[in-house]
Amino acid sequence: MEKLTYYLFRAFVFLFGIAPFRLVYIFSDGFFYILYYIIKYRKKVVFDNLRNSFPQKTDKEITAIAKAFYHHFCDIMIESGKAFTMDEETITKRFRFINPQILDDYFYQKRNVIVVGGHYNNWEWAGLASGSQLRHKPVGFYKPLTNLLIDQYIQKTRVRGRSVLASVKRTEETFHLYTEPSAFYMIADQRPSTVRMAQWVTFLGQDTPFLHGPEKHARLNNLPVYYANIQKVQRGYYEVELILVEAEPLTVPQGSITEKFARILEQKIIQKPEFWLWTHKRWKHKRPQ
């Protein structure tokens, strides 16, 4: 079964690899109709999340955001498939860092940095594009797949140039593996598997547990933290602005780095809510009394 899944996956990658973007976006439009109207994939979760996050919005406004989100969600899945076969020139053209020089001083000081982000716009292309645009060595953390064949294929194809992938199971040791200055990418807005070590903040008007990993490793290694503000310029094209979250993590109160990250992400979601991943059961856990 593992091999069959792998071959089906490779067939999917091949087909989307040879198809031009114009064609795959036509497919994405059709996929939206199936996902939203026929399968109704996690529609209750999406609508509940939107209503709870934006109680002031009307049903018409919520529906408009939900439809825009599903369109974007289908595009992200298609673009993720294209990522396996995109060359460096294409990925750099479609995913551009507008202020990479903001990290240059740390590079010349031979200091690592943490770049934190959320499931907002196309987070999948960040690691691919940064290898040729940042001086730092990009190191992206990911959760290994149970299908070892697909996992090995991803490790070989989802990096470009100097970029590498590292398992979240080896996060702590990964921060000490590389001799050249590195930028460690951490997606930190997903629901924690356990709330025991979570940092609780008020996010989109709701008690929300956040992963403590970025703040923990920033403090352990005294690393500055930047937020990757990914914005869609047009369909299939993105720009990234690096925003300082905290330059001196050892000088600020515990929890403040996570709080700052949550506030920046919240602001971006409020501005353009259709670009965040609303299908997650983000508020499944309740804040302990």
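Every read-out reported here was derived from the displayed coordinates using simple, explicitly stated rules and does not represent laboratory data. Remember, it's a predicted structure, so these values are computed and weren't measured experimentally. As a convention, Cβ positions derive from the backbone with ideal geometry for all residues, glycine included, and neighbour counts pool all protein chains shown.
Summary of values
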item	result
nm² value of the averaged projected area, convex hull over the Cα atoms of region 57-192	10.3 nm²
Amide hydrogen neighbours beyond the local backbone of TYR227, cut-off 5 Å, H modeled	VAL116, ILE243, LEU244, VAL245
Low-density loop positions, trypsin sites (Lys or Arg not before Pro), region 110-207 - DSSP coil, at most 11 other Cβ in 10 Å	LYS110, ARG196
Region 248-289: C-alpha gyration tensor shape, a/c 1.5 cut-off, then a/b vs b/c	oblate
Residue order, fewest to most beta carbons within 10 Å, for TRP123, TRP283, TRP276	TRP283, TRP123, TRP276
Euclidean distance of C-alpha centroids, region 234-250 and region 268-284, integer Å	18 Å
Sum of side-chain charges, GLU246 neighbourhood, beta-carbon under 15 Å (Lys, Arg +1; Asp, Glu -1)	+2
Shape of region 212-258, Cα gyration tensor, a/c cut at 1.5	prolate
Over 25 Å between alpha carbons, listed pairs LYS110/LYS272; LYS232/LYS286; LYS67/LYS216; LYS93/LYS272; LYS93/LYS281; LYS40/LYS169	LYS110/LYS272; LYS232/LYS286; LYS67/LYS216; LYS93/LYS281; LYS40/LYS169
Derived scalar couplings ³J(HN,Hα) [region 199-205; Karplus, 6.51 cos²θ - 1.76 cosθ + 1.60; whole Hz; x for Gly, Pro]	9, 8, 9, 8, 10, 6, x
At R0 = 45 Å, FRET efficiency that the Cβ-Cβ distance of GLU180 and ASN52 yields, to 0.05	0.50
Region 2-275 shape via C-alpha gyration tensor axes, a/c threshold 1.5	oblate
Part-to-part distance (alpha-carbon centres) for region 41-56 and region 61-88, which is given in Å	18 Å
Given charges at beta-carbon only (K, R positive; D, E negative), |dipole| of region 2-275 in Debye	580 debye
Under the Karplus curve 6.51 cos²θ - 1.76 cosθ + 1.60, θ = phi - 60°, whole-Hz ³J(HN,Hα) for region 37-51, x wherever Gly or Pro sits	9, 9, 6, 6, 4, 6, 5, 5, 4, 4, 5, 5, 4, 5, 5
